Structure formats: structure tokens, C-alpha cells
Amino acid sequence: MIELRDLSVSFGAVRPIDRLSLTIDAPTHGIIGPNGAGKTTLLNALSGFVGNVSGTITAFGDDISAMNARSRARWGLRRTFQTVQVADDMSALDNIVITVDHCPHEFGHKHEAAHAACELVGLAEPDRLAGSLSTYERRLCEIARAVVGHPRIVLMDEPAAGVSSTEREQLTALLRGLEESTGAWLVLIDHDVELIQSICTTTTALDFGSHVATGTTAEVLSDPEVVKAYLGSTPVAAS
């Protein structure tokens, strides 16, 4: 279980996350909300990428609030980014290998672990330079880097951005099976509500850094306040 208590992030007078308390008790959880709702800031706070944070973050019984980003990564918390972060002048495989040094478990064969992550996500030709990969392949490389080495929690920021409809279907199948294949919990941001419906058991809606609703994904997407703040005038039909 992941618990946030009175979590706030402040940039001067601006508070993109404002006293947020939230319990995530399902292994696939979506975060939705309009632009400016604080979704990416929340992932930054969870992963230790911002320092001006108050409140507490507890994950699986461990208080990770005082850990820096590197310590959280070694604890088992990983993330992907809205704009893919890979080193273009390195091979896809080496992008993944360098992550193994920050894994919570030691590996005798880093390349074997990296190859296994590539196979898991379906990344072919991992010896190619990352700069030569397609947008979708770069996404797969980043996801492989996030799942190598037995992570406990994976945070993903709009993983379907920029991919085709066919690739989106493949990505959905991959993410839907992530907890079973790796044991990791997934916290997912995406503007694609159908993707959230397809993957996430539970969902939280944010607006202006504050909590609007949390519950099963179907419940949240039909909540009047969520419809008003994010979805427009018509609730999303359950898939």
C-alpha cells in the first residue's frame, strides 16, 4: 500500500500539490486530471525529484519521505517520463545496463538482466543506438530500464504519448501484465482515458493540486465532480 499524508509541493507562492492525502491499495492505479492539475508534480514528489515537499510518503510500510531520488531508486521505485529520457549515443541495451547499478538487488550478470528486460517489453535489436530507435522503441527502452532488477513501484508519465494506435494496443497489453510479470505496482498518468480504463483497477482524479476523487476506475470516471473538472459533460462509458 502507498500512502500520502498532507503532501504539499511549493514553488514560492504556487502550490501545485496542496495537502494531498491519498491511499493507493491496488497494484495498477491511474492518475487523471486536466492540464495543471499537478499530476507530473505528484510523480516528481513521489520519486524524489523535488525538494520543497512537506508531508509524508509511505510505501509498503517504509517511510521514503526523507530518501533522495537515488535512495528511492535503490529501494525499488522507478519512473518513466513524459518526454523519453534515454542516452541517444549509447545502445538501448547499455541504457538499461547502467540502471542495474541502482537496483535493490545485486546481479552477477548485468547484461543478462538487461536482455531479460528487453525481452519482457518486446524491444528487438537492443544493440542499436538509442538515437536510431523509433518513438515507440524509445518508449520500450525506457520501460525496460524501469522494470529491470525487480522494482517495487513503477511510475509512468504518459507512456502512450506519440505512439500509433497499433503500438498503443501493444503497450496496453504490456502494461496490463506488468504487475504479474514483474511484481511491481504501477502508478500511471495518461490523458488517454481509455488507456486508464484498460489498465488501472483504481484511479485518482486531481484538480489544481487537490484531491477530487479516488475509487475504482469506473466509479471515478462517472463521478460528477470528475466529469465537471476533467471529462466535460458526459461520463465515460465503462469498457
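The values are calculated or read from the model by the stated rules, or taken from the named source; none is laboratory data. No experiment lies behind these values; they were computed from the predicted model shown. Positions of Cβ are generated from backbone atoms using ideal geometry, with glycine treated the same way; all protein chains shown enter the neighbour counts.
Among the residues in region 92-110, are any at positive phi and crowded, with 19+ Cβ neighbours inside 10 Å? No, region 92-110 contains no residue that is at positive phi and crowded, with 19+ Cβ neighbours inside 10 Å. Cβ-Cβ below 9 Å, separation at least six or inter-chain, first residue in region 185-199 and within 27 Å of G76 (Cβ to Cβ) and at pLDDT 95 or above, second surrounded by fewer than 18 Cβ atoms within 10 Å (Cβ to Cβ) and among the aromatic types (F, W, Y): which pairs? Correct list of pairs: W185/F60.
Residues of region 132-144 that are surrounded by fewer than 24 Cβ atoms within 10 Å (Cβ to Cβ) and over 14 Å from T83 (Cα atoms): S132, L133. Return yes when R19 is in contact with a Pro (Cβ under 8 Å, 6 or more places away or on another chain) and not in a helix (DSSP H, G or I) and no when it is not. It is false that R19 is in contact with a Pro (Cβ under 8 Å, 6 or more places away or on another chain) and not in a helix (DSSP H, G or I). Please go through region 165-184 and give me each residue that is among the β-branched types (V, I, T) and surrounded by 17 or more Cβ atoms within 10 Å (Cβ to Cβ), ordered by number. Scanning region 165-184 gives T172, T182. The single condition among (1) modelled with pLDDT of 95 or more; (2) closer than 30 Å to A13 by Cα; (3) crowded, with 17+ Cβ neighbours inside 10 Å that G38 does not meet is (1). The set of residues from region 92-113 being more than 18 Å from the chain's Cα centre (by Cα) and at pLDDT 80 or above comprises A92, L93, D94, N95, V97, I98, V100, K110, H111, E112, A113.
The helices (runs of 4 or more DSSP H) located wholly in region 141-224 that include 3 or more residues which are more than 30 Å from D18 (Cβ to Cβ) and of a type in the set (A, V, I, L, M) occupy 165-176.
Just one of the numbered conditions (1) touching a residue at least 24 places away in the same chain (Cβ under 8 Å); (2) out of contact with any His (no Cβ under 6 Å at 6 or more places or on another chain); (3) part of a helix (DSSP H, G or I) is not true of H111: (1). Candidates V220, V187, V212, V227: the one that is buried (at least 20 other Cβ atoms within 10 Å of the Cβ), farther than 15 Å from V121 by Cβ and more than 16 Å from the chain's Cα centre (by Cα) is V220.
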